[in-house]
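> Pasting a structure below so you can have a look.
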Amino acid sequence: MSEATGKKAVLKLDGQEIELPIYSGTLGPDVIDVKDVLAAGHFTFDPGFMATAACESKITFIDGNKGILLHRGYPIDQLATKADYLETCYLLLNGELPTPEQKDEFDTKVRNHTMVHDQVSRFFNGFRRDAHPMAVMCGVVGALSAFYHNGLDVEDVNHREITAIRLIAKIPTLAAWTYKYTIGQPFIYPRNDLNYAENFLHMMFATPADRDYKVNPVLAKAMDRIFTLHADHEQNASTSTVRLAGSTGANPYACIAAGIAALWGPAHGGANEAVLTMLDEIGSVENVPEFMEKVKRKEVKLMGFGHRVYKNFDPRAKVMKQTCDEVLAALGINDPQLALAMELERIALSDQYFIERNLYPNVDFYSGIILKAIGIPTEMFTVIFALARTVGWISHWLEMHSSAYKIGRPRQLYTGPSARDINR
Ligand code: SDX
């Protein structure tokens, strides 16, 4: 539990003074425990949870003003360049980076769980081929709850741990099959001789006719880094959704499906797809000034910009931009959309409208350009985000279940009709 500071906030209310305890964490702002406001007949009011700490956590720390993102204390740029995604998964789940032996054991566990029950493949057939891939993912990941429910005891730590392994291992298979289904190609099964990112790209782009398909190591490395950059991000909307669903004791696979649904929105994980759509609509650098005027008239948002927490650069965007330059150079790609994105960033960072609103590129601004270079279609971008964020979601679910927790049940400010009778 966080440390009581001994300090108190004093709330003067209806002539009485209410002392509210203040707690300190390791980093970041102290928190005021407001539950005693209820005893005074009041609720706190914070739509959008702008200033609300909904839980205590040891997993990820963000300093929005300084543009800092730490996973279990390690800066994101170091994890993205000195560790791989499965090491980051191990870190998020267990609190420490794995030793070489622990890494091998974890890697083997994940490899041994990449297959899904053959009946799961039947769920895809209920979707139209042109269904949005995120709609398919909501369905098929939620369907896993039908295969892992009877006998699953969320209070049993061993059941919780195997659930985390199964989800991290199976989500790439389902993501790749979602893509294959929408393009009418047969599913490609996972292989145990490939690493996590290679296996995913192989399932995405290999075909039965091309037995010698080889994954480009440059793309596999970029894919792995993109997974790491999306792995977790504190109490964002989709993670909070998973925690809230999990607080009822719901099936964890169903909780992750709820997280996928929340991530889909364009204000959240759907922004990476919306950035590419926006770049397509702008078309060329010449059209940027007119587009920026539309943004200022609030007719459109500059997708991939702004963040609830970061009021400085999103540290992930910096690494993503570096990766973008590396991948495009390695592939010899001169993507005009990169030049367009950089011009948008240049103008936004020098324009008072964006400066006074602390709007900077976020994780979604450059990711789509790399994903496109890897060959991933725009409508699959948020599926990639969901794949990578599954470890963050399940890490928070595990953390919540590892100690006593209460069902999440916010209240409201009611402004509807007072009690009245039906006069008939
Ligand atoms: C992710 O929470 C997380 O951690 C999420 C995430 C993660 O890893 O889980 O980081 C992933 O979701 C990144 C964000 C991706 N979304 C986008 O790129 C969509 C575009 N951005 C916005 O919609 C917006 O910036 C939000 C939703 C991200 C944040 O919104 P807030 O914190 O509620 O801020 P706001 O809407 O109150 O904006 C403050 C002002 C407003 O102007 P005024 O009313 O003060 O005049 O800034 C403006 C907004 O209109 N504004 C933008 C803008 N974002 C905010 N104006 C133009 N373009 C934008 N993108």
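> Can you tell me the relative contact order of the range 17-174? Whole percent, Cα pairs under 8 Å, sequence separation 6 or more.
Relative contact order of the range 17-174: 14 percent.
> Return the subset of K294/K372; K7/K35; K103/K170; K35/K406; K180/K321; K221/K372 for which the Cα-Cα distance in this structure is over 21 Å, preserving the input order.
The answer is K294/K372; K180/K321.
> I would also like to ask the following. Whole angstrom only: what separates the Cα centroid of the range 334-393 from the Cα centroid of the range 113-177?
28
> Would you mind working out the accessible area per residue for the chain, using a 1.4 Å probe, and quoting it in Å²?
About 50 Å² of surface per residue is accessible.
> DSSP H helices in the chain with Cα extent of 15 Å or more along the helix axis and mean Kyte-Doolittle hydropathy at least 0.0?
Counting only whole DSSP H runs, the qualifying helices are 133-147, 157-183, 217-229, 252-263, 271-282, 315-331, 336-349, 364-374, 381-401.
> Test of understanding: what is the full-extension gain from K58 to N312, defined as 0.36 nm times their sequence separation minus their Cα-Cα distance?
89.1 nm
> If amide hydrogens are placed 1.01 Å from N in the peptide plane, which non-local residues have theirs closer than 5 Å to the one on G265?
Amide H neighbours of G265, under 5 Å, 5+ apart: G270.
> Give me the one-decimal nm value for the distance between modelled label points at A404 and Y74, 7 Å along each residue's Cα-to-Cβ direction.
My value for the distance between the label points is 3.4 nm.
> Take every Cα pair under 8 Å in the range 3-53 that's 6+ residues apart, average their separations, divide by the length, and report that relative contact order as a whole percent.
About 25 percent, as a whole number.
> Nearest 20 debye, what's the magnitude of the dipole of the range 1-157 about its Cα centre given +1 on Lys and Arg Cβ and -1 on Asp and Glu Cβ?
In total the dipole reaches around 540 debye.
> Let a ≥ b ≥ c be the square roots of the eigenvalues of the Cα gyration tensor of the range 3-53; is it rounded (a/c under 1.5), or, if not, prolate (a/b larger than b/c) or oblate?
Judged from the Cα gyration tensor, the range 3-53 comes out oblate (a/c at least 1.5, b/c at or above a/b).
> Loop only per DSSP, at most 16 neighbouring Cβ atoms within 10 Å: give me the trypsin sites (Lys or Arg not before Pro) in the range 32-88, ordered by residue number.
Filter output for the range 32-88: K35, K58, K66.
> Length gain on complete extension for the stretch A267 to N150, per 0.36 nm per residue less the alpha carbon to alpha carbon distance?
Roughly 38.5 nm would be gained on extension.
> Specify which residue in the list G67, G95, T44 is farthest towards the positive end of the charge dipole of the range 1-110, using unit charges on the beta carbon of Lys, Arg (+1) and Asp, Glu (-1), about the Cα centre.
T44
> Zone of L13 (label point 7 Å along Cα→Cβ, backbone N under 17 Å): which residues in the range 50-77?
52-53
> Within the range 95-160, list the GluC sites (Glu not before Pro) lying in a DSSP loop whose Cβ has at most 12 other Cβ atoms in a 10 Å radius.
E96, E155
> Where nothing but the Cβ of Lys and Arg (+1) and of Asp and Glu (-1) is charged, how large is the charge dipole of the chain around its Cα centre, in debye to the nearest 20?
Dipole of the chain, to the nearest 20 debye: 800 debye.
> For the chain, what is the mean residue ellipticity at 222 nm derived from helices alone (per DSSP H run of n ≥ 4: -39500 (n - 2.57); sum divided by total residues; nearest 500 deg cm²/dmol)?
Rounded to the nearest 500, it is -15500 deg cm²/dmol.
> Quick one: length gained pulling Q119 to Y213 fully straight, 0.36 nm per residue minus the C-alpha distance?
The span from Q119 to Y213 would gain 31.1 nm if fully extended.
> Between the range 231-277 and the range 32-94, how far is it from one alpha carbon centroid to the other, in angstrom?
When both Cα centres are located, 15 Å separates them.
> Pull up the cross-link candidates among the aspartates and glutamates for K318, meaning alpha carbon to alpha carbon under 17 Å and not fewer than 8 places away within one chain.
Filter leaves D63, D77, D224, D232, E326, E343, E345, D364.
> Let me ask another. Quick one: with all protein chains in place, what share of the accessible area of the chain is carbon or sulfur, to the nearest percent (1.4 Å probe)?
Looking at the chain in its full context, I get 53 percent from C and S.
> Here's something else I'd like to know. Between the DSSP loop rule and a limit of at most 14 other Cβ atoms within 10 Å, which chymotrypsin sites (Phe, Trp or Tyr not before Pro) in the range 334-424 are left?
Y405, Y414
> What relative contact order, as a whole-number percentage, does the chain give when Cα pairs under 8 Å and 6 or more residues apart are counted?
20
The values are calculated or read from the model by the stated rules, or taken from the named source; none is laboratory data. Every value quoted in this text rests on a predicted model; they were computed, and no experiment measured them. We place every Cβ from the backbone using ideal geometry, glycine too, and count neighbours over all the protein chains shown. Side chains included, ligands, DNA and RNA excluded: accessible areas come from the protein's heavy atoms. Shrake-Rupley method; radii C 1.70, N 1.55, O 1.52, S 1.80 Å.
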